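Engineer: Please read through the structure below; I'll follow up with questions.
The values are calculated or read from the model by the stated rules, or taken from the named source; none is laboratory data. This structure is a prediction, so every number in the text was calculated from the model and none was measured. As a convention, Cβ positions derive from the backbone with ideal geometry for all residues, glycine included, and neighbour counts pool all protein chains shown. Keep in mind that these areas ignore ligands, DNA and RNA; they rest on the heavy atoms of the full protein, side chains included. Shrake-Rupley method; radii C 1.70, N 1.55, O 1.52, S 1.80 Å.
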Amino acid sequence: MSRSRRIRHSLLAALAIPLVAIPIATPALAVAAVDATKTYAAESGPGYGYGGSVESYGGGYGGGMVDPYRQGLGTSAATVDSEPATEAESTGVVLINTTVGYGTGQGAGTGLTITGDGIVVTNHHVVEGATSITVTDPGTGETYAATVLGYDDVHDVAVLQLEDASGLSTVATDRDAATRGEEVTAVGNAEGQGSLSAADGTVTDPSTAITVNDEDGTAAELSDLIQTDADVVSGDSGGALLDEDGEVIGMNVAATSGSAEISGYAIPIDTVLDIAAQILAGKESGDVEIGGSAAALGVQVDTTRSTLVVGVVEDGAAEAAGITEGSTITSVDGTAVAGIDDITSVLGDHEPGDEISVSWTDAAGESRTATVTLGEGPVA
């Protein structure tokens, strides 16, 4: 499972906080853990978020001192200076919408089309935790289903493939290093509004780093970022940072919050394209993971009562096997399980499409066993 992070830098905030995030609860590769006494709402503050914050499936990012940008709620203290993006500024830039928690929440971000047959790069945090992804080309209005081909959660890059896409407009890129003082424009799906906005600015630091804190308490950094004074806001994650020639020099990833002046941060496009090339070559090494979704059993388990099933995902593996609410799972793939951690541990050794055995006791107390074909869970 990918790392969950919280921003530690005193001003840094998230860009792709979901529009309406109300997932079920915590962790899972394929199982959701739920508390029997309450429903969890994945609210993104107070604190810093580092991306499409989802409290279920291991994607929570809350914590810190200042409320981050929230899609549509306008919590930033800054007055955002932006305009609708022009046709030239919009070329190859796409809108990304995600469903999280099997329909319990939504998120929005931006992506960059790099091939005409539908290869799109974006931030990993834009799609993390997603159970479905759609991408819209604002130039044509066409919407495509998307799958994650791979990702690098350390550098916050993911590569998507759009289904049945062809002849798409692509971004023009410039791999040269940014220079201090050069004029730039940040383009993205600001505030998840469903259209592209453009915010002008200049490069204030061509190579900077921000410190983040992993959920396990260890420190990590995003380094070699381009810092600008362009008004980058939530939803711009994965969008374009354009130079004066209209070429992409960076991919938006983060911005400051809680102050009158905004600083935006972007990953150099050279880094993004190098990671994308490795993913497209199928080379899983270093920080790069090939594939996106984890194996899914498709159940929600009550953490207060062992492995009691309190919800079953429609059309999921569990439903196909006949597992119903009120059942208690006793073993997965031949391994006895006593709690959600046991289940997720076993499923972590499998891929979507694998066939495994599952045993359970149904609500009437009868023991049952079936072979199930694991489905796709949330993007890791």
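Engineer: Size of segment 122-227 along its principal axes in angstrom, Cα-based, largest extent first?
Structural biologist: 39, 38, 26
Engineer: Still on this structure, please answer the following. Any idea of the accessible area per residue across segment 236-380, 1.4 Å probe, to the nearest Å²?
Structural biologist: Normalised by residue count, the accessible surface of segment 236-380 is 41 Å².
Engineer: Also, quick follow-up: First check a/c for segment 244-297, with a ≥ b ≥ c the square roots of the eigenvalues of its C-alpha gyration tensor; if it is under 1.5, answer rounded, and if not, answer prolate when a/b is larger than b/c or oblate otherwise.
Structural biologist: oblate
Engineer: OK, next. Take every Cα-Cα pair in segment 80-132 and report what % of them are more than 12 Å apart.
Structural biologist: 69 percent
Engineer: Which whole-angstrom value gives the distance between the alpha carbon centres of segment 88-159 and segment 318-344?
Structural biologist: Here the answer is 32 Å between Cα centres.
Engineer: Please report how far the C-alpha centroid of segment 222-276 lies from that of segment 166-213, rounded to the nearest whole angstrom.
Structural biologist: 4 Å
Engineer: Given charges of +1 on the Cβ of Lys and Arg and -1 on the Cβ of Asp and Glu, with all other atoms neutral, how large is the dipole of segment 83-197 about its Cα centre, in debye to the nearest 20?
Structural biologist: With Lys and Arg at +1 and Asp and Glu at -1, about 200 debye.
Engineer: Tally up the carbon and sulfur contribution to the accessible surface of segment 235-380 as a whole percent, 1.4 Å probe, everything protein left in place.
Structural biologist: 40 percent
Engineer: So, one more: Express the accessible area of segment 90-208 per residue in Å², computed with a 1.4 Å probe while the remaining protein chains stay in the model.
Structural biologist: Computed with neighbouring chains in place, this is 34 Å² per residue.
Engineer: For the charge dipole of segment 95-181, defined by +1 on Lys and Arg C-beta atoms and -1 on Asp and Glu C-beta atoms about the Cα centroid, which residue among Val154, Val135, Thr179 has the Cα displaced farthest towards the positive pole?
Structural biologist: It is Thr179.
Engineer: Would you work out the Kirkwood radius for segment 98-179? I mean one over the mean of 1/r across all pairs of different Cα atoms, in Å.
Structural biologist: In segment 98-179 this quantity evaluates to 13.4 Å.
Engineer: For segment 108-224, with all protein chains present and a 1.4 Å probe, just round the carbon and sulfur fraction of the accessible area to a whole percent.
Structural biologist: 42 percent
Engineer: Still on this structure: What shape does segment 293-373 take by its C-alpha gyration tensor, where a ≥ b ≥ c are the square roots of the eigenvalues and a/c under 1.5 counts as rounded, a/b above b/c as prolate, and the rest as oblate?
Structural biologist: The shape class here is rounded.
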